Every structure is written in C-alpha cells, then in structure tokens.
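Read through the structure below, which is laid out as structure tokens, and then see the notes.
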Amino acid sequence: MAKVQLLTFICSSVPGMPGHSALAVDEAVFTFENMIPSVTKAAVSVVFPAGARWIKTGSGWKEANLGTYVLDNAFRPIIFQDITKSVDSAKIVGYVKGSKDGGDLYGPDGVCSTHTSNAIAAALRTGRFNPRGLDTPNKVYLEVEKLSLASSTTVKWAKPKSKGEDFYKKVLEVTSSDYPLIYEMDDFPKPDGAGDYPSSNANNRQGAYG
C-alpha cells in the first residue's frame with residue numbers, strides 16, 4: 001500500500017499568500033502551483049483571442065521528489081498528515097492525471113488547496129470530504145483533523161530563522177492562531193526558543209518525516 005500524506009505548508013515567502021497544500025504518494029509530491037501555463041495562456045489570449053481556447057499550455061500541476069521538496073521548503077513549517085488508511089492512493093494519482101490531462105490552470109481552475117481537497121474527495125474510502133469552500137491550506141488541514149482521516153500528524157521546520165526574524169515571528173503568529181495543536185507542541189520553537197532543529201512530533205504521533 002502506497003503511503004499518502006497531506007502536506008500543509010504554513011505561511012509563504014510571498015506576502016499575503018496563506019501557505020500551500022500538496023499531496024505525497026510515497027516519494028512523489030503532487031503540487032498544484034505552476035503558474036507559467038496560466039500566464040502563457042493569458043498572453044496568447046491577448047495576441048490571438050479567437051484561438052486562445054485551442055492553445056495547449058500545460059497545467060498547474062508539478063511533480064517533485066518528496067525529500068527534495070521538503071528541503072526546498074525548509075524555511076517554513078510543513079505539517080505531514082498520514083491519510084494512507086483513509087484514501088485510495090491510485091485514485092489520488094488518477095485525479096491528478098485527469099486534472100493535468102484536462103489542462104487545469106492555476107488561478108482560472110482553482111488553487112493548490114482546491115485541487116488537493118478535490119483529490120482527497122475523489123480518493124476517500126468511506127464518508128465524504130467536502131471540497132467546496134476549502135480554498136485555503138488551513139481549511140484542508142482542519143477538515144482532515146475534523147474527520148480523523150490522519151493516523152499520524154507530524155511537523156518539520158528545519159530552518160526556522162533562515163528568512164529572518166520578521167518572517168519567523170509572522171510564522172509563529174499564524175501557527176498559534178490557525179494551527180494551535182502544532183504551536184502547542186513542547187519542542188516547537190517559541191520566540192525565546194533556540195534556532196534550527198530537525199523535526200517535531202505533534203501530539204506524540206510519529207510519521208515518516210517527524
């Protein structure tokens with residue numbers, strides 16, 4: 001059975017962005033974040049409006065290696081919710097393929113959390129996962145918690161102060177307000193805490209990258 005994890009990235013290096021959602025199936029990360037096709041299609045529509053809808057520019061999906069993706073995002077906390085037992089991994093991959101083949105674009109056809117929640121909804125073994133309105137990473141994370149879909153929840157924040165003190169304090173503020181269970185972990189770095197640390201274990205529930 002392939003391991004499936006919901007990845008929730010707290011905050012963004014881009015001001016005003018609420019963070020990020022993605023899905024990992026074993027060592028492959030499926031992330032709806034590629035904005036280049038959207039920009040390309042918008043530019044084509046300006047130059048050639050009549051034929052813009054026939055232009056194939058790709059989709060908003062990207063695939064990455066899990067270890068590499070975690071390292072690339074070490075500047076912010078990443079929450080790992082293991083939902084392996086609650087979803088069919090093949091249907092997660094199938095949803096991504098269908099969305100990609102259909103040319104879903106970032107922006108016009110949704111954002112990261114939209115498609116992450118849709119993929120979970122399509123793959124859920126029992127019950128319902130309502131994707132409607134789940135337009136932020138926090139909402140997707142909370143829905144998984146509410147439905148008890150995760151067998152374990154862990155967090156990794158490898159380089160808390162790599163983007164400076166202001167960003168560090170902003171992350172602490174958002175985590176304490178939007179992710180209180182994560183913030184309340186004993187070893188989560190508070191304002192008077194130490195610097196870098198490898199990982200934390202939320203509520204003593206261990207996961208692959210905890």
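Just a few scattered comments:
- Flag if LYS161 is in contact with a helix residue (DSSP H, G or I) (Cβ under 6 Å, 6 or more places away or on another chain), in a loop (DSSP other than H, G, I, E, B) and either hydroxyl-bearing (Ser, Thr, Tyr) or at pLDDT below 90 (or both): yes
- Here the condition is being within 15 Å of the chain's Cα centre (by Cα) and modelled with pLDDT under 90; of TYR106, TYR141, TYR168, it holds for TYR106 alone.
- Members of segment 132-159 that are within 18 Å of MET17 (Cα to Cα) and either buried (at least 21 other Cβ atoms within 10 Å of the Cβ) or in contact (Cβ under 8 Å) with a residue 12 or more places away in the chain (or both): LEU134, ASP135, THR136, PRO137, ASN138, LYS139, VAL140, TYR141
- Checklist (1) more than 19 Å from VAL25 (Cβ to Cβ); (2) free of Cβ contacts under 8 Å to residues at least 60 places away in the same chain; (3) over 13 Å from the mean Cα position of the chain (by Cα) applied to PHE129, failing item: (1)
- When VAL93 is tested against the conditions (1) modelled with pLDDT of 95 or more; (2) part of a helix (DSSP H, G or I); (3) crowded, with 23+ Cβ neighbours inside 10 Å, the lone failure is (3).
- Test: residue in segment 111-122 that is of a type in the set (Ser, Thr, Tyr), surrounded by fewer than 21 Cβ atoms within 10 Å (Cβ to Cβ) and under 19 Å from GLN5 (Cβ atoms): no
The values are calculated or read from the model by the stated rules, or taken from the named source; none is laboratory data. Computed from a prediction, not measured in an experiment: that's the story for all the values here. Heads up, the Cβs are rebuilt from the backbone with ideal geometry, glycines too, and the neighbour counts pull from every protein chain shown.
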